[in-house]
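The values are calculated or read from the model by the stated rules, or taken from the named source; none is laboratory data. The shown structure was predicted, so the numbers you read here are calculated from the model rather than taken from an experiment. All Cβ positions, glycine included, derive from the backbone under ideal geometry; neighbour counts span all protein chains shown. For the accessible areas, the whole protein counts, side chains as well, though only heavy atoms, and no ligand, DNA or RNA atoms are used. Shrake-Rupley method; radii C 1.70, N 1.55, O 1.52, S 1.80 Å.
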Amino acid sequence: MKKILRTVLLKKEFDHLLRVNEKTYEQLAPYLQVKQYSKGEIIKKPGEIEHYARYVYRGHIAKMIPSEKGRDYRVRIFGPGKIASDLASYFNNEKSDFYLKALSYVSAFELHDEAEKMLLKKIPEVAELASYINRQILMDAVLWHEAFNLPRETALKKMRKHFPHEMNHFSNKDLGYMLKCSVSTISKIKSSMDEVYPAL
């Protein structure tokens, strides 16, 4: 029953990228772990190598970096339909100070890096779907990081446009850290944008 449910969910989630035969998903399902995390749970610790790519089905995960004072900084938010991972660590097999934390109850499909290598060899039909997923990850990363080369007000507008749900999870402290300015500067920018962008 769990395998059937997993197959149906995967097909439902990925059909918008590429329609893949249901039997392919049946073959893929055993390589994926279905994991649940409680709010506040640390998913990947700082100083560890990232070994998992996680497709978030429910909830939100924050990629965080330790702060010397007060709450740690959130630098990315991954919600439903997104791949949550410390990707530089995952692809380079290197330790990282970044860590991942569940901001709410989270349900995700997790793929271990070794399992990824195996399934691409054993199930070649999934290679095209993997390519589409990687393109989505790259597009999100490009849109996110492009904002940091723009003037701060333009950056906030762009971030809000492309990542409206994720932006609700960032504090002024987080945004100040990412945009390299003070919390008061972020507050002033937001105040000037309130009439046009009330969600900010």
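Just a few scattered comments:
- Check on residue 177, in contact (Cβ under 8 Å) with a residue 60 or more places away in the chain and either in contact with a Leu (Cβ under 8 Å, 6 or more places away or on another chain) or surrounded by fewer than 17 Cβ atoms within 10 Å (Cβ to Cβ) (or both): no
- The residues of region 9-48 that are hydrophobic (A, V, I, L, M, F, W, C) and open to solvent by 50 Å² or more (accessible area, probe 1.4 Å), listed by number, are 34, 42.
- Qualifying residues in region 104-145 (those that are among the aromatic types (Phe, Trp, Tyr) and either touching a Phe, Trp or Tyr at 6+ places or on another chain (Cβ under 6 Å) or outside any helix (DSSP H, G or I) (or both)) - the one surrounded by the fewest Cβ atoms within 10 Å (Cβ to Cβ): 105
- Residue in region 57-81 that is nearest to the chain's Cα centre (by Cα), counting only those that are surrounded by fewer than 21 Cβ atoms within 10 Å (Cβ to Cβ) and within 17 Å of residue 110 (Cβ to Cβ): 79
- Test: residue in region 33-40 that is touching a helix residue (DSSP H, G or I) at 6+ places or on another chain (Cβ under 7 Å) and under 22 Å from residue 130 (Cβ atoms): yes
- For first residues located in region 97-118 and farther than 19 Å from residue 167 by Cβ, partners that are crowded, with 18+ Cβ neighbours inside 10 Å and of a type in the set (Asp, Glu) and lie 6+ apart or on another chain with Cβ distances below 8 Å form the pairs 98/86; 99/86.
- Scanning region 90-103 for residues that are farther than 17 Å from residue 55 by Cα and open to solvent by less than 40 Å² (accessible area, probe 1.4 Å) yields a single hit, 96.
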